[in-house]
Structures are given as C-alpha cells and as structure tokens.
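Below is one structure; the comments refer to it alone.
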Amino acid sequence: MSKPDPRASKSDRDVLDNLGALIGGQIKRGMSKLEEVISDGKKEHADSKFMGYVKVFMDDPAVAAVTPSSRYLVDRTVKAMNLAHAKVIVEYGAARGVMTRRILEKMRPDAKLIAIEFNTPLFEELKKISDPRMIPVHGDVREIEKILAKHGLTGADVIVSGVPFAFFSGRGRHELLTKTSALLNDGGRFVAYQVTTHLIPMLPDYFSKVDTQFEVRNMPPHFVFTALK
C-alpha cells in the first residue's frame, strides 16, 4: 500500500484553516453593515439582548457565532449528548447559556454541569442561571484539568463544545482534543457544534467512533460532531 502524500495532507489542512478564517471574516463584515443600519435611527426596533450578543461577537474573535444557537441546533446537540446516564457534564464555551439551559432541562437531578465561559460579558449573563447542579466557571477550556480538579472532579461522562476550534492553532486543537479524550470516562462522548470542518480529520485519531451531522437551521449553519470514547 502506498504511503499518503504529506504534501496533500498539508494542503488539506491549509484549506480547512483558510475556510475558518474566511467564514469568520464574511460574517463579521455582514454584521458590521447590520450595526450601521441599526445605528441610523432604527434602534427602537432592535432586540437589546440580540444586539448585545452581536456586539460581543464583533468585539471578541473567540466567540463562536454571530447569534445565540437556534432551538434546532440546541435540540440536535443535546440529543447527541445522550444525557440519560451522565453524572458529570462539561460545557466548553457556554456563552450566555442558551445551550446550558436545555442541558439542565434534560440532565439527571443528581448530575453536575461545569459550564465554562472565557468572555466576561457573556459569563456575567451565564451566572444569572439559577440551578444548584450548575457550576459556572470564568476560565479557559485549555485549562480543563485544573478546572475539574478545583471542583474535586477527575473526569466527565459528556463534554460538549461550542468553542470554535477554528480559532486555535493546529497544535492547540490537538492539545485540547488530547485533554478532552483523556478526561472522558470510558464510554463517554464528546459533542462539538462547529461552523467549520476542522475536526473532521482529527476526531478519529482520538475517539473510537465519530458521527457527523449538519444543522442548516441556524445562523450560521453548524456541523454537530459526536465522538465516542
């Protein structure tokens, strides 16, 4: 069997990296135009929470999407998490808690949710969710081991990620996937909803089975990757 061409592999990676940057740039340019329109005397018709989210997106390139997740994306993602038997759940990039609230609705009464958000304005919104099963954490998901240890945890049954892997370096993506796989308990699952395809060639290196779905009823449309340990 012939060996894979390393030049083709590098080319594929470059295409995926460029795709993430292109999508992010196009969305931000579009939202800049939207903000200009609203600033021209139509503020009274704008939803303040929506525009607050848009402002955070425009100010912070690490925010994954221009709008909060749609109910279709939330439903698809939470279904993929299969929360019936999960005791410890970790959420990477909880934002203002749209996905978080649905997770809390579906998870067990004796389960625990560690909801991590790096962006300060979004974290302030996340903290307003009142549920004793949720522990909001203002921090960096790349320090997930320290975050879990601080709360007396050594692993998780489900890890869900809205954090955009497109904004990490290639090495950064591998490092976070390594930590994620190591922290999942046997039979655990990693579910990631992403705008780009960066995870497609990577997940099989860390997980035994990977399922890929696509949800178009969201702005922007998202892939939903489910990876089993």
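Just so it is clear, none of the values below were taken in a lab; they were calculated from the coordinates. None of the values given here were measured: they were computed from a predicted structure. Cβ sites come from the backbone with ideal geometry, for glycine too, and all protein chains shown count toward neighbours.
List 70, 161 from most exposed to least, where exposure is judged by having the fewest other Cβ atoms within 10 Å. Don't skip to the end; give the middle numbers.
Values: 70 18, 161 24.
Neighbour counts put them in this order, fewest first: 70, 161.
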Seminar exercise, completed: Ordered by fewest other Cβ atoms within 10 Å, a rough proxy for footprinting exposure, 208, 69 read 208, 69
Problem set entry | Ranked 102, 189, criterion: other C-beta atoms within 10 Å, fewest first | 102, 189
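Greater than 24 Å separation of Cα atoms is the criterion. Which listed pairs, 112/146; 179/209; 112/229; 150/209, meet it?
Going by Cα-Cα distance, 150/209 fall outside the 24 Å limit.
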